[in-house]
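Please read the structure below before turning to the comments.
Read the figures in this text as sums done on the coordinates, not as results from a lab. Here the structure is a predicted model, which is why all the values come from computation and not from measurement. A quick note on method: Cβ atoms are made from the backbone with ideal geometry, for glycine too, and the neighbour counts reach across all protein chains shown.
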Amino acid sequence: MAADSSMVRFFLMGKPHNVPKGLTIQKAMEYAGFRLLRGCGCRGGFCGACGTVYRVGSDYRLKVGLACQTVVEDQMYLAQIPFFPAVKAAYKVEDLPPTAETLISLYPEILRCVGCNTCRKVCPQEIEVMRYIAAAQRGDIAKVADLSFDCLMCGLCASRCPAEIVQYHVAILARRLYARHITKPAVHLAQCVAAIDRGECDADLAAMVAADSARLKALYNAREIEPEDLEAAGQE
Amino acid sequence: MSYDRDMLESMRRVEATRPARLHQTFPRLTPEDKQALLQKFHPDYRPESMRPLAVGPNAGDRVPHEVANLLEGVSRIDPEAFDLTRPDEDVDILIVGGGGAGTSAALMAQERGAKVLLVTKLRIGDANTMMAQGGIQAADKANDSPAVHYLDVMGGGGFTNIPALVRALTHDAPGVIKWLEELGAMLDKQRDGTMVSIHGGGTCRRRMHSARDYSGAEIMRTLRDEFKNRRIPIREFTAAVELVLDESGQCAGAVLYDMETGEYSLVRAKTVILATGGMGRLHVQGFPCTNHYGATADGLVIGYRAGAKMAFMDAVQYHPTGVAYPEQIVGLLVTEKVRGLGAQLVNAHGERFIYDLETRDTVSAGIIRECGERGKGVRTNTGMEGVWLDSPMIEILRREGTILRALPAMFRQYMRFDIDMRKVPILIYPTQHYQNGGLLITEDAETVVPNLYAAGEVSGGVHGRNRLMGNSLLDILVFGRRAGIAAAERVRRVQQKPLTLAHVRDYRRRVDESGKGTGIPAPMLLPDYARPETVARRHEAVRAA
């Protein structure tokens, strides 16, 4: 225990540091004097740069978290894994059929999954990683896309995988296949872009560019506001 | 999370007024009231927060002290000593910055046969793009048009925006969405393929496209995947610390600095695209910020030193809804989509005080007034102040499950601290979010320095004094693509003279003559979050470099 009750002692790669309670791991490291380079990106839980593994006290269980989103604890014993060597396939998403064969030919190791579920346990986003790998084996691309959507590509799953699968690369391939080939293209979008390409919006835009400030303000203040559609969001 | 008694009491009042508020409409401000509110309460209008620049193309223009401190700082290299005769690498296009703008510029330029090198001081994708949650605007529905979008953008910017840039932004927007669709970005769609789109602050049509609330992350990881598929050359953890010109004044490359090894190198390029993002991490006026770690205005500094002009650098965007509680994540973004989906802003007494989807500058000013002059804010046990964002309304107005489906990142962020935003309101306060201005560009993303382009947050003009939600993801893609296309076109015609850093030497001389030099090494590269005690005990003989 740290002597002062407002402080905690954590161990970064084995070395102890005393910091005030309540800081995130990231801020605790900065408090301890580190100027971060690797292992620090968005600082807001979106970029996956600060994957961290730790144990607390004598508990044998290995825990994980994003350093920017996890509060430092007394007797926390941690190391960051800011990078993990991973093979990424190169492909042209437009030429690939959205099938199990595509996933397996680019990432054959997905068939080596032993079902240990360690990937799920180490995911700081609590994604059902093993379930989406199973879906990938079956060629259920939509399922992979949906289950993996919140992935930050931090690499912790791959770091612990006994089958040496790089789950997050499989996941992004599946998401791109899903969006490109399985969901229907937006008809209104294609029509709109075609109209713009034909120059059909140019005259209206030119009139806007030519309008003086008084005219623009009048138009702006007289805008009709489209009513809210409460059904619109949160749909598939 | 352990709320104190006052917060719990206030939360009960929010609950009590909720049924009455559910279907109550709150009036929008008149243009006159809006202007009065901004002038009295928006942080940009505090005269003591800015000073006129001493030197450079914008000498005399007022900018925040934090920006002036860097622009009046010192180069990290000695321009006299640096050997410019032996470039380490020769390319057609050097792209500085690995966010959405830089990556889309690289894709466009590479398709056109240009030899591209992208450098970024952290990793590709470590950028504000990754953190953008709410969405991206595009007028692609039958009741909408680029001209209507144009009007919203101009109104949002207080009619100060540069018309040609707004034209480019709104004209290209549907094409950008189609590009994303073809790249396989998972934008929210209905079963028949129709894009899901909702309102954002200041929109008159439901034009906000999204990818749940990972909109920017989904766009960034898709662009990054495509970038890697194409094996485009990249140097990560490498910053540009000065631009290099040729003797005729054209931009001709950059001095690079390896953030890990400390080694400097020289890349000669026919054109350079600055896509370095904004300045959130300068913490203007001491505000917390929503930005990623590297948002330190580096491109602005080196571009300005090389002669590029800036616009609207006195206009900072404070996002109305930054986290005010819990303490660990203070300043982080609560996406505007939360209000877009129906959550209302209410004070400590559970009363509404502003129309929730006014433009960001206006809502921020309204919150600052509520907590300040009106004294109706909620104070936390760590001394922060804020107002409630009544998130449980979303599930009442729409349906159960909407928050998990449409706001998974927000939900997760709060659940990490045991706050269930489906059941309790969340406490927010304005946070520094966006650099409205930047290096002035043309519709082809050119700065006033020949062969120097800028795209994304580092650039200025398109948003005028205030950007609307959903126009930043759009901006980076529209102008990133335009910069990549224009630069690839330009490289065929570039005649280069011998390289020089005379502009760095001359700039330094003018700063010295002004007597206003700060001596601060610039660009900053990364913020320093060490404790003051730690800083005081640093005894390096040389601070710079």
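List the GluC sites (Glu not before Pro) in segment A:90-150 that DSSP assigns to loop (not H, G, I, E or B) and whose Cβ has at most 12 other Cβ atoms within 10 Å. Which are they?
A:Glu126
Taking the Cα centre of each part, how many Å lie between segment A:43-113 and segment B:97-156? Going from one Cα centre to the other spans 27 Å.
Placing +1 on the Cβ of every Lys and Arg and -1 on the Cβ of every Asp and Glu, with no other charges, gives the protein assembly as shown a dipole of roughly 960 debye about its Cα centre. Computed extension gain for A:Glu164 through A:Ala218, at 0.36 nm per residue and net of the alpha carbon distance, reaches 13.2 nm. Look at the dipole of segment A:93-182 built from charges on Cβ: of A:Met130, A:Leu103, A:Tyr178, the Cα furthest out on the positive end belongs to A:Met130. Principal semi-axes of the equivalent ellipsoid, √(5λ) from the alpha carbon gyration tensor of segment B:13-121, are 46, 27, 13 Å from largest down. Placing a pseudo-label 7 Å from each Cα along the Cα-to-Cβ vector at B:Ala142 and B:Arg112 gives an inter-label distance of 3.7 nm.
Determine the dipole magnitude for chain B: charges of +1 sit on the beta-carbon of Lys and Arg, -1 on that of Asp and Glu, nothing else is charged, the reference point is the Cα centre, and the result goes in debye to the nearest 20.
Working: 69 positive and 67 negative charges, 179 e Å.
So the magnitude is around 860 debye.
Packing, as the average of other Cβ atoms within 10 Å across residues, places the peptides B:304-313, B:402-411, B:271-280 in the order B:271-280, B:304-313, B:402-411, highest first. 3J(HN,Hα) couplings calculated from phi for segment B:412-418 with the Karplus curve 6.51 cos²θ - 1.76 cosθ + 1.60 (θ = phi - 60°) are, in sequence order, 5, 4, 7, 5, 4, 10, 6 Hz; Gly and Pro show x. Placing dummy labels 7 Å off each Cα toward the beta-carbon, the span from B:Gln496 to A:Arg112 is 4.4 nm.
Counting Cβ atoms of other protein chains within 10 Å of each Cβ in A:192-200 and taking the mean gives 5. Taken residue by residue and averaged, Cβ atoms of other chains lying within 10 Å of the Cβ of A:82-95 number 2.
Principal-axis analysis of the Cα atoms of chain B puts helix B:163-183 at an angle of about 80° to the longest axis. Taking square-rooted eigenvalues a ≥ b ≥ c of the alpha carbon gyration tensor, is chain A rounded, prolate or oblate, where a/c under 1.5 means rounded and, failing that, a/b exceeding b/c means prolate? Cα axes put chain A in the oblate bin. Couplings 3J(HN,Hα) for segment A:94-102, derived from phi with the Karplus relation 6.51 cos²θ - 1.76 cosθ + 1.60 (θ = phi - 60°), are 5, 9, 9, x, x, 10, 4, 4, 4 Hz, where x marks Gly and Pro. Separation of segment B:426-444 and segment B:57-95, taken as the distance between their Cα centroids, equals 22 angstrom. Over the C-alpha atoms of the protein assembly as shown, the Rg to Rh ratio, Rh being the Kirkwood estimate, stands at 0.94. So which GluC sites (Glu not before Pro) in segment B:32-92 are both in a DSSP loop and have at most 11 other Cβ atoms within 10 Å of their Cβ? Within segment B:32-92, the qualifying GluC sites (Glu not before Pro) (loop, at most 11 other Cβ atoms within 10 Å) are B:Glu80. The mean count of C-beta atoms from other chains within 10 Å of the C-beta of residues in B:153-162, rounded to a whole number, is 2. Taking 22 Å as the limit for the C-alpha separation, the pairs A:Lys184/B:Lys141; B:Lys141/B:Lys337; A:Lys92/B:Lys121; B:Lys270/B:Lys497 exceed it in the case of A:Lys92/B:Lys121.
The fraction of Cα-Cα pairs per 20 angstrom bin, counted from 0 for chain B, comes to 23, 55, 22, 1 percent, rounded to whole percents. Highest average first, the peptides B:245-253, A:194-202, B:147-155 ordered by how many other beta carbon atoms sit within 10 Å of their residues are B:147-155, B:245-253, A:194-202. Think of each Lys and Arg Cβ as +1 and each Asp and Glu Cβ as -1; about the Cα centre, that makes the dipole of segment A:7-80 roughly 120 debye. For segment B:433-545, what does the alpha-carbon gyration tensor say about shape, rounded, prolate or oblate, given a ≥ b ≥ c as the root eigenvalues, a/c under 1.5 as rounded, and a/b over b/c as prolate? Taking the square roots of the gyration eigenvalues as a ≥ b ≥ c, segment B:433-545 is oblate.
Amide H to amide H distances under 5 Å link B:Gly99 with B:Gly125, where only residues 5 or more positions off or on other chains count and H is placed in the peptide plane. Largest GNM mean-square fluctuation among A:Arg61, A:Arg176, A:Arg120, using chain A with Cα springs under 10 Å: A:Arg61. Farthest toward the positive end of the dipole of the protein assembly as shown, out of B:Tyr355, B:Ser104, B:Asn291, is the Cα of B:Asn291, where the dipole comes from beta carbon charges about the Cα centre. With the charge dipole of segment B:26-96 set up from +1 on Lys and Arg Cβ and -1 on Asp and Glu Cβ about the Cα centre, the Cα lying farthest toward the positive end among the listed residues B:Ala36, B:Ala81, B:Ala54 is that of B:Ala36. The distance linking segment A:131-177 with segment B:445-474 is 36 Å (Cα centroid to Cα centroid, whole angstrom).
So which of A:Lys121/B:Lys178; A:Lys15/A:Lys121; B:Lys115/B:Lys309 end up more than 31 Å apart by C-alpha? Over 31 Å apart, Cα to Cα: A:Lys121/B:Lys178. For segment A:93-182, the Kirkwood hydrodynamic radius from C-alpha pairs, put into Stokes-Einstein at 37 °C and a viscosity of 0.692 mPa s, yields a diffusion coefficient of 260 µm² per second. Taking other residues whose beta carbon is less than 12 angstrom from the beta carbon of A:Ile81, and scoring Lys, Arg as +1 and Asp, Glu as -1, yields +2. Scoring B:515-522, B:323-330 by mean Cβ neighbours within 10 Å over their residues and listing the highest first yields B:323-330, B:515-522. With an a/c value of 1.5 or above and a/b not larger than b/c for the gyration tensor axes a ≥ b ≥ c computed over the alpha-carbon atoms, segment A:7-80 is described as oblate.
Hey, what D do you get for segment A:47-160 in µm²/s if you plug the Kirkwood alpha-carbon radius into Stokes-Einstein at 37 °C and 0.692 mPa s? D, rounded to a whole number, is 211 µm²/s.
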